[in-house]
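Data block below; observations after.
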Amino acid sequence: MRTLDNIEVDITVELGATTMPIHHLLRMGRGAVIELDALENDPLNIYANNTLIAHGEVSVEEGHLRVQVTAKAQRRG
């Protein structure tokens, strides 16, 4: 099992998405708000090495963001 200790996995949690022109992005400053296509209670997408593996929900606990896995993603193909 020690060989598993050296495997790197990038985890990404997607809260939502949007499309905007690059010139809008470049003009944004500190504190700018970007509207996403997801609502507050929509499930999050959780990726491992750019592969969707699960869905979850976010909460704030003692000032820290917490992501809880609620369901495994269905395999395609």
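Counting just the residues of the stretch 1-28 that are acidic (D, E) and in contact (Cβ under 8 Å) with a residue 12 or more places away in the chain, which one comes out nearest to K72 (Cα to Cα)? Give the derivation first.
First pass over the stretch 1-28, keeping only residues acidic (D, E): 5, 8, 10, 14.
Narrowing the set further to residues that are in contact (Cβ under 8 Å) with a residue 12 or more places away in the chain leaves 10, 14.
Details: D10: 17, E14: 15 Å.
Here the residue is E14.
How many residues are polar (S, T, N, Q) and outside any loop (DSSP other than H, G, I, E, B) when one looks only at the stretch 8-33? Within the stretch 8-33, residues that are polar (S, T, N, Q) and outside any loop (DSSP other than H, G, I, E, B) number 1.
Would you point out which residue out of D10, D5 is out of contact with any helix residue (DSSP H, G or I) (no Cβ under 7 Å at 6 or more places or on another chain), acidic (D, E) and modelled with pLDDT of 90 or more?
Working: D5 fails: modelled with pLDDT of 90 or more.
Sole residue among the options that is out of contact with any helix residue (DSSP H, G or I) (no Cβ under 7 Å at 6 or more places or on another chain), acidic (D, E) and modelled with pLDDT of 90 or more: D10.
Might you check whether a residue that is surrounded by 10 or more Cβ atoms within 10 Å (Cβ to Cβ), touching a Phe, Trp or Tyr at 6+ places or on another chain (Cβ under 7 Å), part of a strand (DSSP E or B) and not acidic (D, E) occurs anywhere in the stretch 55-73? No, because not a single residue in the stretch 55-73 is surrounded by 10 or more Cβ atoms within 10 Å (Cβ to Cβ), touching a Phe, Trp or Tyr at 6+ places or on another chain (Cβ under 7 Å), part of a strand (DSSP E or B) and not acidic (D, E).
Is it true that some residue in the stretch 34-44 is in a strand (DSSP E or B) and over 26 Å from Q74 (Cβ atoms)? Looking through the stretch 34-44, none of the residues is in a strand (DSSP E or B) and over 26 Å from Q74 (Cβ atoms).
Only residues that are modelled with pLDDT of 95 or more and more than 12 Å from the chain's Cα centre (by Cα) were counted in the stretch 55-69, giving 0.
Take H55 and decide whether it is within 15 Å of K72 (Cα to Cα) and not polar (S, T, N, Q).
On the way: within 15 Å of K72 (Cα to Cα): yes; not polar (S, T, N, Q): yes.
Judged against the criteria, H55 is a match.
The values are calculated or read from the model by the stated rules, or taken from the named source; none is laboratory data. Fair warning: this is a prediction, and the values are worked out from it, not measured in the lab. Reconstructed Cβ throughout: ideal geometry from the backbone, glycine too, with neighbour counts over all protein chains shown.
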